[in-house]
Every structure is written in C-alpha cells, then in structure tokens.
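Below is one structure, written out as structure tokens, with a few remarks after it.
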Amino acid sequence: MGLVESGKMPKPLTKLLNLSRKYSIWAYQWGLACCAIEMGAAFASPRYDVMRLGVIPFPASPRQADLVIISGTVTDKILPAIRRLYEQMPDPKYVISMGSCANCGGPYWDSYSVTKGVDQVIPVDVYVPGCPPRPEALIEGIALLQERIQNEDMAARWRGAQDVEPIVVG
Amino acid sequence: MADEATTDAEAPEAVTDERREEVLAALTDALGDAVVDSLIKPGLNLWVRVATEAWSEAADVAAARLGFRFFDFLSAIDWLPSPYGRYEDSAVDTPFPPAMPDRSAVEPGYTGGDTRFQVLGSVAKPGTDLRILLKADVPDDDLRIGTWTRTYAGAAWHERETHEMFGITFEGNADLRHLYLPSEFEGHPLRKEFPLLSRVIKPWPGIVDVEPMPGEDDSADSEAEGADA
C-alpha cells in the first residue's frame, strides 16, 4: 500500500479501489438489545437481504470486519469489550451506531449502568436513530456509508487528515 | 342499597384458605416465635415475616419439611422514601445533595417491618399452586443476614445481586462478587439515596415534551394558522 500512503495514487485506481471496498463490506454484528432483532431482519431475512448491497454480515471475527454495527443498549460493563473489538478491526474501519440507546442512551438516559452513547469510546460514522429503527433505516445507513466510501480520499484517511462529519440517517 | 353494602362487606370475610392456613400452621409449629407476622390472601398467596436470625432456618423448614423445594426469587426492599422527590414532577424535585427523609412515616407493606431494609424471598411447592413469600428485617446498623444457598443452590446469584444492589451481606455465601455491575463499580444503585447523576445535571423536564392528542388541544394551533393566513 505504499502508493496509498504516499498519496500518489492515480485517481482512477482510487475509484476502483473504493468501488471494490464499497461492495464488499464485511459487517460485524454487535447486537446488544432489541435493535439486534431489527438488524437480524435487515441482514438475514430474504425480505430485506443486505447481501444484495454487497454487505457480507457474517465475518468469523472482528479481525476480518470492515464495519461494525453497534445495535442496542451499551452498558458500562460491555464498554471495554467494544473498545477492544474496535481496536481489533483492521483499518479502514467503519462504525454504525444503531438505535437510540447506542446513540445517546435513549430511554436509559438517567441509568446508573448505561453508557450515554457509544461515541464516547469509539468514533461513529453513521447514526441510525429510532427505538428501534426499522430495517429500512439501517439499510439506508449502510447505503449512505457506501456512498461515503465511494467518494473517500484514501490517502487523506491514511494520514488521518480526513475530518468528516458523521452521517445521521433521516 | 344498605343490604347490598353489607353483603359486599361480608363476602371477603367468608372466604378462608385452609391449605394456606395449614402451611402457615406447619411453619409456625417448626419455627415457633421466629414467625413475627403473617398474612394470607385467600387463593392468592401467603406472606410470612420471620425474625432476622431465623431467615436461613425458615428456608430450611420450608424446603425440607413442607416440600417447598422450588426457589423462585430472592431480593430486598429499601423502605426509605426517595430523597430526590418524585422525579416525574419537577415541581417537587429536591436539590442535590438532598436531605435524608424520615422513614418513620412509611408503611412497610404486608406483615410490617421495623427496619429500612427488608429481604424477601419466594418459594413454591412443585405440583401445587402454593407459594410462601418470606420476609425478614435487616438491622439498620449491621446489614447482615443468613444465606439461603445451603437450602437452595440457585439463591447464590440472587444473593449476589442483592448484595451489589443494596449492600446487604449474606453470611455463609462466600462468593458475593458483583454479578451485573462492573467489578469496580462503587455504591449500591438500588438504594433510594443513590443519585442518578444524569438527573442531577439535567432535571427531568416533566411532561412538556408530550404532544397533545389530535383534537385534544388544537385551539392554539388553529389560531396560529389563522394568523399566518
């Protein structure tokens, strides 16, 4: 990846690389609560069938994943595991925070045990609001993420110079 | 009208529950003075309050002699009124840190109680619909009580949870590590004085964020629309 790091990738090659990344996202499912049911519907049911978008939702471990979907209530107790999961994923990696609980604590905004937003420990690329969001909302989040990947400047991302606002669905 | 009222008043009196009376009699027979108070709701349940030191023994008697071998649950109650007022009604919210309220005004529920904390456990008799809800006071100055794990192995996790949530120690249960909470968690979150810090920082907004039902309060909206037009 010397070319990418140096930032001297020819534009068409970047486009090609981005296109292939966009249509081969390995998505790790991190289901923590009721949102996981909607995620399951979006990923594993023939009605929604996320594989038609090129998302493969069954990597064997986070080390093979490009994307993780944090769906459900994040408690302080599981926070270290989430941090570790994120650190295990190879770059470039993306995070979708699905549902009110993962976004901001949701109905558990005053709880003693619930983390008020998973973005406190890992950077989130796409927020999918809802309690829980419908599978269509999650799929829209994935589609918006694919759009971003398509237009991404890999060299800037490699340097860490990329400063982009997270996507909020809806 | 007067006749109907008297029959209504008499009707509950007439109902008796021999099966639960028998259970209570057998329990009292075995435990003697340790049965402090009891209540039978015919056809529903049996509540028995036992002395603190007889807590473990009561479970033994229920399981071994009376056949209540199914352990249902074990937990505790904090009878202290909330020092933070009623959160849902911001008008009576109290500032932080709050003054500790007087718990003497609080009714301690079925079969009474003299202390702030009470433990309660439910056991059932397989093959019947009979259950006993056992309660016991936990001394205010020494939050210790016997364990049920010698009788019901399944009580171990319930005691761990009660220990982390209320800070009550079950003597004889050697493994009282945190069960649900992170191991470094400080405090006992189900105690009434445990502060929910999010609410201290941002007071509960009351019901201002609830929209009126359609047709319930749309006069203001229609006036605004009229002004725009």
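If Lys and Arg each add +1 and Asp and Glu each add -1, what is the summed charge of the other residues whose beta carbon sits under 12 Å from the beta carbon of B:Ile168?
With Lys, Arg at +1 and Asp, Glu at -1, the neighbours total -4.
Give, as a single signed number, the net charge of other residues whose beta carbon lies under 14 Å from the beta carbon of A:Thr115, with Lys and Arg counted +1 and Asp and Glu -1.
Result for the local shell: 0.
In terms of modelled amide H atoms, which long-range or inter-chain residues lie less than 5 Å from the amide H of B:Gly146?
Hits under the 5 Å cutoff: B:Trp55, B:Ser56, B:Glu171.
Would you kindly derive the ³J(HN,Hα) couplings of region A:114-121 from the backbone phi angles with the Karplus curve 6.51 cos²θ - 1.76 cosθ + 1.60 (θ = phi - 60°), listing them in order in whole Hz, with x for Gly and Pro?
With the stated coefficients, region A:114-121 comes to 9, 6, 8, x, 6, 5, 6, 10 Hz.
Tell me, what HN-Hα J-couplings in whole Hz come from the Karplus equation 6.51 cos²θ - 1.76 cosθ + 1.60 at θ = phi - 60° for each residue of region B:126-140, using x for Gly and Pro?
Per residue, the Karplus-derived 3J(HN,Hα) values read x, x, 10, 9, 7, 9, 10, 9, 8, 10, 8, 6, 10, x, 4 Hz.
Of the listed pairs A:Lys15/A:Lys93; B:Lys41/B:Lys192; A:Lys116/B:Lys135, which have alpha-carbon separations greater than 27 Å here?
With Cα atoms farther than 27 Å apart: B:Lys41/B:Lys192; A:Lys116/B:Lys135.
Would you calculate a helix-derived [θ] at 222 nm for chain A, using -39,500 (n - 2.57) for each DSSP H run of n ≥ 4 and dividing by the full residue count, to the nearest 500?
-10500 deg cm²/dmol
For chain A, calculate the relative contact order in percent as a whole number, restricting contacts to Cα pairs under 8 Å that are 6 or more residues apart.
25
Return the whole-Å distance between the Cα centroid of region A:83-137 and the Cα centroid of region B:116-159.
39
Using modelled amide H (1.01 Å from N, peptide plane; none on Pro or chain starts), what sits under 5 Å from the amide H of B:Val36, excluding residues fewer than 5 places away?
Close amide H contacts, sequence-distant or interchain: B:Arg49, B:Val50, B:Ala51.
Checking the a/c ratio against 1.5 first, then a/b against b/c, what shape does the Cα gyration tensor give for region A:99-170?
Cα axes put region A:99-170 in the oblate bin.
I'd like the Karplus ³J(HN,Hα) series for region B:192-198: coefficients 6.51, -1.76, 1.60, θ = phi - 60°, whole numbers in Hz, and an x wherever there's a Gly or Pro.
Each residue of region B:192-198 in turn: 5, 8, 5, x, 8, 5, 4 Hz.
Computed from the coordinates by the stated procedures, all read-outs in this text should not be read as laboratory data. This is a predicted model, so every value here is computed, not measured. With ideal geometry, Cβ positions are generated from the backbone for all residues, glycine too; neighbour counts draw on all protein chains shown.
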